[in-house]
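For reference, the structure discussed in these notes is given below.
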Amino acid sequence: MLETDTGDFSAQFPRKLERYLGELLHGQVEIRASKAVTNIPAFIDRTYLLLEAQILGRRCIIMARLDGEGTPADIAKHVGIVRNATGSIVAFATDTLNAYNRARLIGQGVPFVVPGNQLYLPDLAIDLREHFRAPRQRRTDGLSPAAQTVLFHHILYPDQAMPTPSLLAERLHYSAMSIGRAFDDLAAAGLADTIREGRERHIRFKASGRELLAEATPFLRTPVRSVKFVRDEASITSLKLAGESALSRLTELGHPRIDTFAVPAADWKAISQALGLVETGRGEAGYRIETWSYDPAALSDADTVDPLSLYAQFHDHRDERIAMAAEQLLETLPC
């Protein structure tokens, strides 16, 4: 563990890095002050706290900076200077990084780490995939739709009281029996405990906010079951905006060509008849309709679907712009 008296940043930030990297990589990672690096300008030492660690057997220099100053172009130049001087993997680190600057750094190939939020180490991509391959194969197939709905409700609407199946069933449009099975799924995933008090059964999550979502991410499933293309004669303003349309509304992502809306898969037939939705080919469509494995209205009072369902749908999208936008959704969540 690094010990230093150069201020809160120098004392606390390395410990945050150790905790984050250790939890992420499922093993102890020691962060220490970097050995003297020759042939680098003096301003690098004045601007950054230089740390180093062994990550998957590779020496990594971490240039930590908390003040938020410096453009992505400047950071890329400084990282390049240290990389050339050390021959090591060099990563920028900071406590906060907005979506725009994150995209700029990725675009310039600059490795970075934001403790509790994101690790981007393209030079270790193959090693990281090998490291995580076995644990991912041991994961379950994912949470049931009801369990994912209970999880998202807890993160979006934290409740100090431990809820019961009957209480959540009414809120989330499920039967109490389905919510009880969802409690079992969440307990089996290690995300929560269930407690019985008298005749009532309660659920108690082991974490909250971003910490809970990070633990749950390997278990998340896209809520989308199928996609329908319909003509634009019908009025569908009663439906929740979804897909990339909702993602563009809530983030900086550009708006898609046609709007997407979501409906519960179980209600698709009734809704399509009530609204006069006529299916057609993609090229002739006025709207795109996603049928969901749970009711999109259960988790959102806004005219868009909830941000966590969008995150589950897009966080691992092959299009980097969309995956980045999904990460941006988490910036409003409590830590």
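The values are calculated or read from the model by the stated rules, or taken from the named source; none is laboratory data. This structure is a prediction, so every number in the text was calculated from the model and none was measured. Cβ: placed from backbone, ideal geometry, glycine included. Neighbour counts: every protein chain shown. Surface areas here come from the heavy atoms of the whole protein model, side chains and all, with no ligands, DNA or RNA. Shrake-Rupley method; radii C 1.70, N 1.55, O 1.52, S 1.80 Å.
Overview of values
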{"read-out": "Cα-Cα separations in the stretch 140-194 greater than 18 Å, expressed as whole percent", "value": "20"}
{"read-out": "Inverse mean reciprocal Cα-Cα distance (Kirkwood Rh) of the stretch 49-123, Å", "value": "12.3"}
{"read-out": "Label-point gap, in nm, between Arg46 and Arg257 - each point 7 angstrom along Cα→Cβ", "value": "5.4"}
{"read-out": "Nitroxide proxy distance, nm - points 7 Å out along Cα→Cβ at Thr71 and Asp193", "value": "5.3"}
{"read-out": "Cα extents of the chain along the three principal axes, largest first (Å)", "value": "73, 57, 34"}
{"read-out": "MRE, 222 nm, helices only [DSSP H, n ≥ 4, -39500 (n - 2.57), over the chain, to nearest 500]", "value": "-12000 deg cm²/dmol"}
{"read-out": "Extension gain (nm, one decimal) between Arg59 and Arg221, 0.36 nm per residue minus Cα-Cα", "value": "54.8 nm"}
{"read-out": "When each of Lys206/Lys240; Lys16/Lys206; Lys35/Lys77; Lys206/Lys269 is checked by Cα-Cα distance, pairs over 27 Å", "value": "Lys206/Lys240; Lys206/Lys269"}
{"read-out": "Antiparallel bridges, percent of DSSP beta bridges restricted to the chain (to nearest 5)", "value": "65"}
{"read-out": "The chain, relative contact order [Cα under 8 Å, separation at least 6], %", "value": "12"}
{"read-out": "Solvent-accessible area per residue, Å², over the chain with all protein chains present [probe radius 1.4 Å]", "value": "51"}
{"read-out": "Per-residue HN-Hα couplings for the stretch 254-259 [Karplus 6.51, -1.76, 1.60; θ = phi - 60°; Hz; x = Gly/Pro]", "value": "x, 7, x, 5, 10, 7"}
{"read-out": "Share of carbon and sulfur in the accessible heavy-atom surface of the chain [1.4 Å probe, %]", "value": "47"}
{"read-out": "Whole-number Å³ per residue for the convex hull built on Cα positions in the stretch 142-285", "value": "134"}
{"read-out": "Under DSSP loop assignment and at most 14 Cβ neighbours within 10 Å, longest GluC sites (Glu not before Pro)-free interval of the chain", "value": "70-232"}
{"read-out": "Residue of Ala11, Ala216, Ala169 that the Gaussian network model of the chain assigns the largest fluctuation, springs spanning Cα pairs under 10 Å", "value": "Ala11"}
{"read-out": "Cα-only Debye scattering, the stretch 212-328: base-10 log of I(q)/I(0) at q = 0.11, 0.15, 0.16 Å⁻¹", "value": "-0.35, -0.64, -0.73"}
